[in-house]
Amino acid sequence: MSTECTATPLAISELLLAGDLILNLSSEVLNTLPGVMYLTEQNGQLRCSETTGQLVWQEGLTTELAGILPDHEINRVVVVCGPDSSVAEQAAAALSGANIRHLLVRLSADCDASAFMDEEDAEAVSERLRQLGYL
Amino acid sequence: MDLFLLGIDGLPRWMWQQLADSGVMPNSQKLLRTGTLVPMKSALPEVSSAAWASIVTGENSGGHNVFGFTDLLDGSYTLGFTSSRTFRAAPFWSRPDAGPSLILNVPQTYPAQPLNGMLVSGFVALDLKRAVYPADAFPWLNEQKYSVDADMSLVEKGKSRFVRELLDVMRIRCEALHHYWDAEPWQNVMYVFTGTDRLNHYLWEDFEDSSSPHHQEFLDFYHEVDREIGRILERLDDRTTLAAVSDHGFARQLRSVNLNCLLAEAGYLQLKPSDRPSYGDMLPETKAFAMDPGRIYLHREGRYPNGRVTDDEAEELMQELTQWLGSVSVAGAPVTAEVVRGGDAYSGPFSHRAPDLIGMPAENVALSGRLNLSDLIEPTLINGRHTYEESSFFVRGENHGEIPADMKVENVLDVILPAREQSLRRAA
């Protein structure tokens with residue numbers, strides 16, 4: 001029922017499907033696509049909205065969510081969180097407990113320097129790659 | 001043990017069968033009779049970093065994010081070298097249901113990342129200490145003089161010296177495999193022979209020329225690889241799924257053609273004058289540039305700081321480049337056999353980082369993406385090149401899945417771990 005994957009805020013649209021309801025627990029603005037809805041809060045009440053929005057996770061939110069899902073054509077809840085979020089795991093566990101189909105997406109940074117070899121290794125790597133004709 | 005995944009870097013399917021049939025690899029001859037050997041397609045482009053990443057994650061580059069040994073940091077011209085940290089999809093040994101795993105010498109796994117088990121990284125690994133997880137395995141490996149890489153510069157001292165180095169490195173690695181194999185009841189073991197790729201790069205001409213003084217050395221090296229395969233086979237029972245894979249095929253290389261030179265000559269690439277050119281030297285007028293080995297990127301507005309190619313212009317430019325690459329020749333011979341679109345080749349959340357076009361090399365040609373434009377045909381001792389077609393996939397056992405008719409590196413896990421892959425896909 002549940003699985004976890006990684007995407008960038010831009011590339012998340014590759015994972016989304018029409019009929020997804022996004023529970024965005026991150027502070028990032030997500031690249032979206034038509035037919036995807038967002039879970040937002042208005043006047044203290046949960047809403048499924050076509051405009052993007054973020055939420056703060058609270059216990060009890062799942063019960064309220066389960067109450068509004070039948071009013072919308074939602075196939076899956078997509079929980080989006082930062083790379084080290086522990087709240088997202090609580091959210092995913094609560095959705096599992098409520099039997100709500102969902103996907104947990106951890107946002108990763110785009111490919112910045114941390115994704116590559118350390119800078120001090122660059123010269124040695126260059127030499128190895130040169131020997132195999134890559135550089 | 002559920003799975004033994006053996007990697008033989010750069011061993012073409014046809015060559016494995018040929019060496020097995022001719023008696024050079026007698027253990028392989030027996031092995032190949034007990035299962036199914038089929039040709040497999042490599043990653044696009046056919047580079048080891050991307051292909052091994054596909055084999056161990058079950059994704060193509062759009063899913064795991066490794067497109068080559070090099071890449072540019074997003075939104076910049078800074079060249080980075082891909083590493084285990086570039087992976088955006090989990091290798092099979094890091095999945096929650098993987099069980100204890102022993103992983104040795106798998107390329108693109110440096111620096112070693114934590115797992116349930118033990119891992120010693122393969123190429124490009126630099127420092128043994130950072131190549132080992134858990135750290136307490138380091139002292140024994142260091143004592144054994146375990147090499148994270150063979151010294152390829154020895155080829156300049158002669159091919160015989162180079163082959164001896166490859167043999168020494170392989171023997172110590174194999175001792176490490178058996179030493180740690182005995183240490184735990186592993187659920188998965190993966191071990192990769194990488195000397196085969198190095199041998200093929202530098203002694204391919206000697207393999208093809210039976211009168212070469214190094215021809216027998218080439219065959220003897222494969223005989224030794226086969227002896228080690230025999231040692232592994234002796235230890236496996238029928239309950240273990242045994243798979244053997246290579247990451248790409250091999251063929252003759254007569255010349256290495258620098259794609260950036262060609263792009264510059266045709267006016268697509270324009271660089272500021274510099275003694276050591278870098279991607280940051282590209283002028284805004286640049287329309288396209290290449291990275292190793294045949295990746296071509298449009299200099300797109302929004303993707304690169306000085307890029308000016310708009311989305312509206314991109315389609316026409318890709319058509320123009322595809323036609324041009326198909327017609328351009330060097331030394332009277334074509335440079336590319338085919339040009340593939342990145343949009344057709346990749347799927348997954350990192351497809352937006354893909355090259356726009358991938359040049360597939362013509363016969364006898366290797367493509368390079370060096371930014372040093374001094375040599376269109378680059379001087380090199382390398383005489384064997386990777387091929388997209390004809391890598392090896394072998395499997396035996398009762399628990400493997402169906403082998404697709406068009407087998408690709410990203411299908412390996414589907415076949416060898418069908419239950420785990422299916423449950424993952426069902427969940428998704």
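Where does helix B:418-427 land angle-wise versus the long Cα axis of chain B, in degrees 0 to 90, nearest 10?
Computed tilt is about 50 degrees.
Could you calculate the contour length gain from residue B:281 to residue B:237, that is, 0.36 nm times the residue separation minus the distance between their Cα atoms, to one decimal place in nm?
Full-extension gain reported as 10.1 nm.
Quick one: A:26, B:84, B:274, fewest Cβ neighbours within 10 Å first, how do they rank?
Details: A:26 18, B:84 21, B:274 11.
With the sparsest Cβ surroundings first, the list reads B:274, A:26, B:84.
Using the beta-carbon distance between residue B:145 and residue A:55 and R0 = 56 Å, what value does 1/(1 + (r/R0)^6) give for FRET efficiency, to the nearest 0.05? It would help to have the intermediate numbers written out before the result.
Numbers: r = 56 Å, r/R0 = 1.00.
E(calc), rounded to 0.05, equals 0.50.
Could you tell me what percent of the DSSP beta bridges with both partners in the protein assembly as shown are antiparallel, to the nearest 5? Each step should come with its number before you reach the end.
On the way: 41 of 86 bridges.
Beta bridges within the protein assembly as shown, antiparallel portion: roughly 50 percent.
Enumerate the calculated ³J(HN,Hα) couplings along segment A:25-36 in order (Karplus 6.51 cos²θ - 1.76 cosθ + 1.60, θ = phi - 60°), each rounded to whole Hz, writing x wherever the residue is Gly or Pro.
Values, residue by residue: 8, 9, 9, 8, 8, 9, 6, 10, 8, x, x, 9 Hz.
Fewest to most neighbouring Cβ within 10 Å: what's the order for A:80, B:24, B:330, A:56?
On the way: A:80 25, B:24 19, B:330 16, A:56 8.
By the 10 Å Cβ count, ascending: A:56, B:330, B:24, A:80.
Against the longest principal axis of chain B, how steep is helix B:48-57, in degrees 0 to 90 to the nearest 10, with axes from Cα atoms?
Tilt relative to chain B: about 60 degrees.
Starting from the alpha-carbon convex hull of segment B:269-377, give the projected area averaged over all orientations, in nm². Working shown, then result.
Values: hull surface 29.1 nm².
With every direction weighted equally, the projected area is 7.3 nm².
With +1 on each Lys and Arg Cβ and -1 on each Asp and Glu Cβ, and nothing else charged, work out how big the dipole of segment B:255-378 is about its Cα centre, in Debye to the nearest 20. Intermediate results must be reported in sequence, preceding the final value.
On the way: 11 positive and 18 negative charges, 76 e Å.
The dipole magnitude comes to about 360 debye.
What is the helix-to-structure angle for B:195-208, meaning the angle in degrees between its Cα long axis and the longest Cα principal axis of chain B, kept from 0 to 90 and rounded to the nearest 10?
Orientation of helix B:195-208: about 80 degrees from the principal axis.
Given H placed 1.01 Å from N in the peptide plane, which residues other than close sequence neighbours of residue B:80 have an amide H under 5 Å from its amide H?
Here the answer is B:71, B:72, B:73, since their amide H atoms fall under 5 Å of that of residue B:80.
In terms of modelled amide H atoms, which long-range or inter-chain residues lie less than 5 Å from the amide H of residue B:118?
Residues meeting the criterion, in which the H sits 1.01 Å from N, are B:101, B:102, B:103.
Is the C-alpha gyration tensor of the protein assembly as shown telling us rounded, prolate or oblate? Criteria: a/c under 1.5 is rounded; beyond that, a/b larger than b/c is prolate, otherwise oblate.
It comes out oblate by the Cα gyration axes.
For the pair residue B:406 and residue B:34, what calculated FRET efficiency results from E = 1/(1 + (r/R0)^6), where r is the Cβ-Cβ distance and R0 = 22 Å, to the nearest 0.05?
Working: r = 24 Å, r/R0 = 1.10.
Calculated transfer efficiency: 0.35.
With each pseudo-label sitting 7 Å past Cα toward Cβ, what's the residue B:364-residue B:168 distance in nm, one decimal?
My value for the distance between the label points is 3.7 nm.
Near residue B:140, within a Cβ-to-Cβ distance under 15 Å, what is the net charge of the other residues, with Lys and Arg +1 and Asp and Glu -1?
Result for the neighbourhood of residue B:140: -2.
Using a 10 Å cut-off around each Cβ, can you sort B:299, B:248, B:223 from fewest to most neighbouring Cβ atoms?
On the way: B:299 24, B:248 31, B:223 16.
If I rank by nearby Cβ atoms, fewest first, I get B:223, B:299, B:248.
Modelled label-to-label distance, residue A:123 and residue B:265, 7 Å Cα→beta-carbon offset: nm?
For the pair residue A:123/residue B:265, the computed spacing is 3.4 nm.
Quick note: the coordinates plus some simple rules give every number you see, no bench work behind them. Worth saying up front: this structure is predicted, and the values here are computed from it rather than measured. So basically every Cβ, Gly included, is an ideal-geometry build from the backbone, and we count neighbours across all protein chains shown.
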